[in-house]
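Engineer: The following block contains the structure, expressed as structure tokens.
The values are calculated or read from the model by the stated rules, or taken from the named source; none is laboratory data. Since the structure is predicted, the reported quantities are computational estimates derived from the model, not experimental observations. All Cβ positions, glycine included, derive from the backbone under ideal geometry; neighbour counts span all protein chains shown. Surface areas here come from the heavy atoms of the whole protein model, side chains and all, with no ligands, DNA or RNA. Shrake-Rupley method; radii C 1.70, N 1.55, O 1.52, S 1.80 Å.
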Amino acid sequence: MGGMAPTRDLVLASGSPRRRRLLESAGFGFRTVAPETDEFPIAGETPDQLVVRLAEEKARAVIDRVARDAIVLGVDTTVVLDDEAIGKPSGPEAAVEMVMRLAGRSHRVLSGYALLMGAALVERDVVESTVTMKPITRAEAEAYVATGEPMDKAGAYGIQGYGALMVRRVEGCYFNVMGLPLALLGRALREVLVRREDAP
């Protein structure tokens with residue numbers, strides 16, 4: 001691709017080191033600003049609606065802390081099993097139970113994203129991947145949770161770490177499971193950045 005994409009004030013509204021590393025690996029120059037938002041579902045909200053709403057809320061939460069015409073990217077990822085969004089575990093016991101629920105089954109991973117240019121919403125969408133887990137014993141789940149890896153991750157596992165040993169198959173974007181759907185976002189970001197650079 002040859003060098004960094006145009007980057008006048010591209011901001012990633014996230015405190016996630018995984019998202020930061022993924023966006024860097026795609027060749028984008030940017031800075032990060034961690035949003036302060038509540039990540040709770042609204043009654044009657046579907047998981048798809050949840051992740052796009054939270055993505056936009058994260059982006060809007062940092063608008064006052066960046067340049068007025070900055071391009072801001074907000075992303076939210078959740079695991080969905082039996083049509084229920086499964087967020088981050090509240091503690092080790094909850095993490096073990098989450099891992100056991102996923103064991104031997106397939107689940108959806110949804111990432112919602114929102115791109116703002118200034119305060120204007122340019123694009124938002126949802127990307128879906130399907131992950132099939134291997135059968136897992138409780139002892140294996142407890143050993144995994146003891147590593148500390150799953151405690152800050154939706155669904156209580158990280159596919160980029162020890163959690164990869166529990167995964168049988170991924171359908172769709174692998175990077176989406178890590179929390180940033182690079183293929184689709186790369187296209188969207190480049191279009192928005194070029195539009196911004198071409199603006200008078």
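Engineer: When the residues of region 46-69 are filtered to those that are acidic (Asp, Glu) and surrounded by 13 or more Cβ atoms within 10 Å (Cβ to Cβ), which remaining residue is farthest from the chain's Cα centre (by Cα)?
Structural biologist: Across region 46-69, the extreme among qualifying residues is ASP69.
Engineer: Related question: I'd like the full set of residues that are out of contact with any strand residue (DSSP E or B) (no Cβ under 7 Å at 6 or more places or on another chain) and surrounded by fewer than 22 Cβ atoms within 10 Å (Cβ to Cβ), limited to region 175-200.
Structural biologist: Answer for region 175-200, where residues must be out of contact with any strand residue (DSSP E or B) (no Cβ under 7 Å at 6 or more places or on another chain) and surrounded by fewer than 22 Cβ atoms within 10 Å (Cβ to Cβ): LEU182, ALA183, GLY186, ARG187, ARG190, GLU191, VAL194, ARG195, GLU197, ASP198, ALA199, PRO200.
Engineer: Here is a further query. Taking GLU171 as meeting all but one of (1) more than 20 Å from the chain's Cα centre (by Cα); (2) modelled with pLDDT of 95 or more; (3) open to solvent by 60 Å² or more (accessible area, probe 1.4 Å), write down the number of the exception.
Structural biologist: The failed condition is (1).
Engineer: Now for a different question. Which condition number does VAL96 fail, the rest of (1) touching a Ser or Thr at 6+ places or on another chain (Cβ under 8 Å); (2) in contact (Cβ under 8 Å) with a residue 40 or more places away in the chain being met?
Structural biologist: For VAL96, the failing item is (1).
Engineer: Separate question: Just checking: which of the helices (runs of 4 or more DSSP H) contained wholly in region 121-200 hold 3 or more residues that are under 16 Å from ARG108 (Cβ atoms)?
Structural biologist: Once the helices (runs of 4 or more DSSP H) in region 121-200 are filtered for at least 3 residues that are under 16 Å from ARG108 (Cβ atoms), what remains is 174-178.
Engineer: For region 71-78, check the following and say yes or no: at least one residue is small (Gly, Ala, Ser), over 12 Å from the mean Cα position of the chain (by Cα) and open to solvent by less than 50 Å² (accessible area, probe 1.4 Å).
Structural biologist: No, there is no match, as no residue in region 71-78 is small (Gly, Ala, Ser), over 12 Å from the mean Cα position of the chain (by Cα) and open to solvent by less than 50 Å² (accessible area, probe 1.4 Å).
Engineer: Of the residues GLY74, GLY112, GLY87, which is out of contact with any Cys (no Cβ under 8 Å at 6 or more places or on another chain), on the phi < 0 side of the Ramachandran plot and modelled with pLDDT under 95?
Structural biologist: Step by step, each of GLY74, GLY112, GLY87 is checked, and only GLY87 is out of contact with any Cys (no Cβ under 8 Å at 6 or more places or on another chain), on the phi < 0 side of the Ramachandran plot and modelled with pLDDT under 95.
Engineer: Go through region 1-29 and give me each residue that's modelled with pLDDT of 85 or more and on the phi > 0 side of the Ramachandran plot.
Structural biologist: Scanning region 1-29 gives a single hit, GLY27.
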